[in-house]
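Reviewing the structure listed below.
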Amino acid sequence: GGGGAAAAGKKKEIKTYFEQNPVDPSKWVAGTVRSTTDFGAFVDFGAPTDGLVHVSQLADARVESVADVVKVGDKVRVRVTNVEAGKSRIELSMREYIDPIQALIGDDEDSGPWGSNKDVVLPTEGPMQGELNGYNSKQDPLESAFAVAYKKAIAAKN
């Protein structure tokens with residue numbers, strides 16, 4: 001950056017533009033590729049400055065070379081993912097939008113990022129077996145290790 005008054009004016013323009021057009025990473029906008037570099041493509045999508053689609057954001061699959069995906073003049077659809085008006089920097093993506101919350105919880109309400117817990121089986125043998133004998137999940141909620149240890153300590157003290 002640099003450029004004194006011109007740079008300050010550009011930053012203000014960018015700030016104003018995004019106050020009027022709030023960033024919504026799920027929303028697609030049309031743009032035109034203005035230039036390409038080894039690290040990505042600069043796209044004019046109507047903002048006061050071109051946004052950068054980093055090479056990692058050009059496609060859902062791995063991209064070896066920017067030239068494999070886009071060339072100057074191409075009409076593309078992009079999403080604004082981040083704006084740093086102070087640095088006149090706009091980050092764009094051409095990858096499919098994935099809702100971060102949906103990505104965590106998944107489509108199946110029973111499964112989180114580590115799958116569902118309906119296959120969890122309590123041990124039937126081993127060191128915990130004695131502790132779990134007679135345990136009925138319908139009757140009493142499983143106590144925390146702390147609660148079990150606390151009860152043992154109180155019992156031993158008395």
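The values are calculated or read from the model by the stated rules, or taken from the named source; none is laboratory data. This is a predicted model, so every value here is computed, not measured. Note: ideal-geometry Cβ built from the backbone for every residue, glycine included; neighbour counts use all protein chains shown. When the accessible area is computed, the model is the full protein with side chains, heavy atoms only, and any ligands, DNA or RNA have been set aside. Shrake-Rupley method; radii C 1.70, N 1.55, O 1.52, S 1.80 Å.
Considering (1) without any contact (Cβ under 8 Å) to a residue 40 or more places away in the chain; (2) within 22 Å of residue 54 (Cβ to Cβ), say which one residue 6 fails and leave the rest.
Unmet condition: (2).
Return the pair list, or none, for Cβ contacts closer than 8 Å from residues in segment 65-80 that are farther than 30 Å from residue 19 by Cα and free of Cβ contacts under 8 Å to residues at least 60 places away in the same chain to residues that are part of a strand (DSSP E or B) and of a type outside the set (Lys, Arg), at least 6 apart or on different chains.
What qualifies is 66/36; 66/37; 66/40; 66/41; 67/36; 69/41; 71/33; 71/36.
When you scan segment 55-70, do you find a residue that is in contact with a strand residue (DSSP E or B) (Cβ under 6 Å, 6 or more places away or on another chain) and modelled with pLDDT under 95, even just one? Steps first, please.
So the first thing to find is which residues in segment 55-70 are in contact with a strand residue (DSSP E or B) (Cβ under 6 Å, 6 or more places away or on another chain), and the list is 55, 57, 66, 70.
Applying the additional criterion that residues be modelled with pLDDT under 95 yields none.
Looking for residues that are in contact with a strand residue (DSSP E or B) (Cβ under 6 Å, 6 or more places away or on another chain) and modelled with pLDDT under 95, one finds none in segment 55-70, hence no.
Output the qualifying pairs, or none if there are none: Cβ atoms under 7 angstrom, residues six or more apart or on different chains, first residue in segment 93-114 and charged (D, E, K, R), second residue open to solvent by 60 Å² or more (accessible area, probe 1.4 Å) and modelled with pLDDT under 80.
110/118
Only residues that are on the phi > 0 side of the Ramachandran plot and surrounded by fewer than 12 Cβ atoms within 10 Å (Cβ to Cβ): list them for segment 2-40, please. So that I can check it myself, show each step before the final result.
Here is the first cut: in segment 2-40, the ones on the phi > 0 side of the Ramachandran plot are 2-4, 40.
2, 3, 4 - these are the residues of segment 2-40 that are on the phi > 0 side of the Ramachandran plot and surrounded by fewer than 12 Cβ atoms within 10 Å (Cβ to Cβ).
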